[in-house]
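Engineer: Here you go, one structure.
The values are calculated or read from the model by the stated rules, or taken from the named source; none is laboratory data. No experiment lies behind these values; they were computed from the predicted model shown. Every residue, glycine as well, gets a Cβ built from its backbone with ideal geometry; the counts of neighbours run over all protein chains shown.
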């Protein structure tokens, strides 16, 4: 059983065995005797004690609570023994050796050379590159529209700690926080400050100018400090407004199933049911996962803006890094998951194919063919509110189905009979999937005497998903024969060549004669 003491090193309380206490006390006393008479010695001693406390704190576990002689020996070995710095020549030698030894680096924010938060300065020290290049890169990414760089900078500002002590600044550069390194760093800083002030203290006039400049500088500093606070509060208020309004908008959009963007997009009515349309593109489970990932991708950056805004306005401090790191981890996971899901959906459109079928219209004595639009296979009451691009959602019996708008072409033929060709096109991820998507397209053209009736929509049946399906109906009209276009045909997509230069939609409700040059209005 050994006797233990309770000691305080740089604000940290330790339990230490008696023999280890005596050795550590002698070690610190030697350091104090050596550095007390040197310039900047007190600051050097404070940083040395802080580093010793950090090294001892790393060794404490639930099983081992008291500092032992072995721990003290290991700390002295890492920091440097007294004989290494009591002699000037040995100190110089130790400094040379320390420059060649690199420890594992750690990312910090460099507050000494910072412009904003010290993120770029810290990264430049970590990667050993000029901070100017990183600052220019971040600014360019913001101005060319890659706004994610600003969000990443804010997140790093929050989660990356600032290098406040000499040991942390040495660790940021990958140097061991030994006694010689700490001494050299502080002495270099003191020398730099002395050199800066020595250039000013040249004469009495310079001294008076110095006092005047100090007063002017203090006044300017207070002025800019006040302006900085005002700008910070205004900018923080703007971030709070953007973050709060954006996040609430996302939540409302998820609850009611419509986003503000969709309800004001050209071609979409405010009653557009986006959830229904998504159901015809993806599986229901995938839609829910995609919406959740989208909420995380948009919501977390907005919450970060809200958090940063409140810090700027209310000027409070928080050291809970786990929340920031956790939020960044969740956001990064959501981004990777969204990329994987998107890649899987893109593969559903990787291949394209078409199939065509044609038939001759049995009407040998017909001089004029009446082209009409039939009734929809299902109810179209919902079509006006659920239309996007060339597709609508209609009710077929008791279920909703996806229907598309077919394209109509009229061409001349040297044959003596009217004929019609139906071409179906779709996409898929492989040959089997592509064939199934083509077979699920339902479209009919019926003829009775001199009348040809076209379905107004083609139906995508069997709960098939949207895969860019298309239907093109081509009517072959013999030269010299005529067609009558029903006025309801104007709702279809068509492009007819006519010698009268009449706009397509105005061609309906009229009779046309096929000539070698194209359709000609029959007067």
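Engineer: Would you mind telling me which numbered condition in (1) buried (at least 16 other Cβ atoms within 10 Å of the Cβ); (2) touching a helix residue (DSSP H, G or I) at 6+ places or on another chain (Cβ under 9 Å); (3) under 25 Å from residue 281 (Cα atoms) residue 454 fails?
Structural biologist: (3)
Engineer: Residues of the range 281-311 being at pLDDT below 75 and either assigned to a helix (DSSP H, G or I) or surrounded by fewer than 17 Cβ atoms within 10 Å (Cβ to Cβ) (or both), which ones? Please lay out each step first, then the result.
Structural biologist: Here is the first cut: in the range 281-311, the ones at pLDDT below 75 are 281-285, 287.
281, 283, 284, 285, 287 - these are the residues of the range 281-311 that are at pLDDT below 75 and either assigned to a helix (DSSP H, G or I) or surrounded by fewer than 17 Cβ atoms within 10 Å (Cβ to Cβ) (or both).
Engineer: Based on what the data block shows, is residue 441 more than 16 Å from residue 359 (Cα to Cα), in contact with a strand residue (DSSP E or B) (Cβ under 6 Å, 6 or more places away or on another chain) and at pLDDT below 90? Show your work before the answer.
Structural biologist: Working: more than 16 Å from residue 359 (Cα to Cα): yes; in contact with a strand residue (DSSP E or B) (Cβ under 6 Å, 6 or more places away or on another chain): yes; at pLDDT below 90: no.
For residue 441, the condition - more than 16 Å from residue 359 (Cα to Cα), in contact with a strand residue (DSSP E or B) (Cβ under 6 Å, 6 or more places away or on another chain) and at pLDDT below 90 - is not met.
Engineer: Being free of Cβ contacts under 8 Å to residues at least 60 places away in the same chain and in contact with a strand residue (DSSP E or B) (Cβ under 6 Å, 6 or more places away or on another chain) is the filter; apply it to the range 393-434 and report the residue that is surrounded by the fewest Cβ atoms within 10 Å (Cβ to Cβ).
Structural biologist: Residues of the range 393-434 free of Cβ contacts under 8 Å to residues at least 60 places away in the same chain: 395, 397-399, 403, 432.
From what is left, the residues that are in contact with a strand residue (DSSP E or B) (Cβ under 6 Å, 6 or more places away or on another chain) are 395, 403.
Details: 395: 15, 403: 27.
Filtering the range 393-434 for residues that are free of Cβ contacts under 8 Å to residues at least 60 places away in the same chain and in contact with a strand residue (DSSP E or B) (Cβ under 6 Å, 6 or more places away or on another chain), the one surrounded by the fewest Cβ atoms within 10 Å (Cβ to Cβ) comes out as 395.
Engineer: Can you tell me which condition residue 509 does not meet? The list is (1) more than 13 Å from residue 410 (Cβ to Cβ); (2) within 45 Å of the chain's Cα centre (by Cα), and all the others hold.
Structural biologist: Condition not satisfied by residue 509: (2).
Engineer: A follow-up question, please. Would you point out the residue of the range 145-162, among those that are outside any helix (DSSP H, G or I) and modelled with pLDDT of 75 or more, that is farthest from residue 78 (Cα to Cα)? Steps first, answer last, please.
Structural biologist: Our first condition is that a residue be outside any helix (DSSP H, G or I); within the range 145-162, this holds for 145-147, 160-162.
Okay, now just the ones that are also modelled with pLDDT of 75 or more, so 160-162.
Details: 160: 26, 161: 24, 162: 24 Å.
The qualifying residue farthest from residue 78 (Cα to Cα) is 160.
Engineer: Another question about this same structure. Of all residues being within 18 Å of residue 80 (Cα to Cα) and either modelled with pLDDT of 70 or more or touching a helix residue (DSSP H, G or I) at 6+ places or on another chain (Cβ under 8 Å) (or both) in the range 90-144, which is surrounded by the most Cβ atoms within 10 Å (Cβ to Cβ)? Just the residue, please.
Structural biologist: Step one: list which residues in the range 90-144 are within 18 Å of residue 80 (Cα to Cα), which gives 90-103.
Okay, now just the ones that are also either modelled with pLDDT of 70 or more or touching a helix residue (DSSP H, G or I) at 6+ places or on another chain (Cβ under 8 Å) (or both), so 90-91, 94-95, 98, 103.
Working: 90: 15, 91: 18, 94: 21, 95: 15, 98: 18, 103: 14.
For the range 90-144, the residue satisfying everything is 94.
Engineer: When the range 476-523 is examined, which residues are found to be touching a helix residue (DSSP H, G or I) at 6+ places or on another chain (Cβ under 9 Å), surrounded by 14 or more Cβ atoms within 10 Å (Cβ to Cβ), in contact (Cβ under 8 Å) with a residue 40 or more places away in the chain and part of a loop (DSSP other than H, G, I, E, B)?
Structural biologist: Selection gives 496 alone.
Engineer: So, residue 356, is that one within 30 Å of residue 498 (Cα to Cα) and either modelled with pLDDT of 85 or more or assigned by TED's automatic domain parsing to the domain that holds residue 513 (or both) or not?
Structural biologist: Numbers: within 30 Å of residue 498 (Cα to Cα): yes; either modelled with pLDDT of 85 or more or assigned by TED's automatic domain parsing to the domain that holds residue 513 (or both): yes.
It is true that residue 356 is within 30 Å of residue 498 (Cα to Cα) and either modelled with pLDDT of 85 or more or assigned by TED's automatic domain parsing to the domain that holds residue 513 (or both).
Engineer: Any residue at all in the range 435-444 that is in a strand (DSSP E or B), surrounded by 19 or more Cβ atoms within 10 Å (Cβ to Cβ) and touching a helix residue (DSSP H, G or I) at 6+ places or on another chain (Cβ under 7 Å)?
Structural biologist: no
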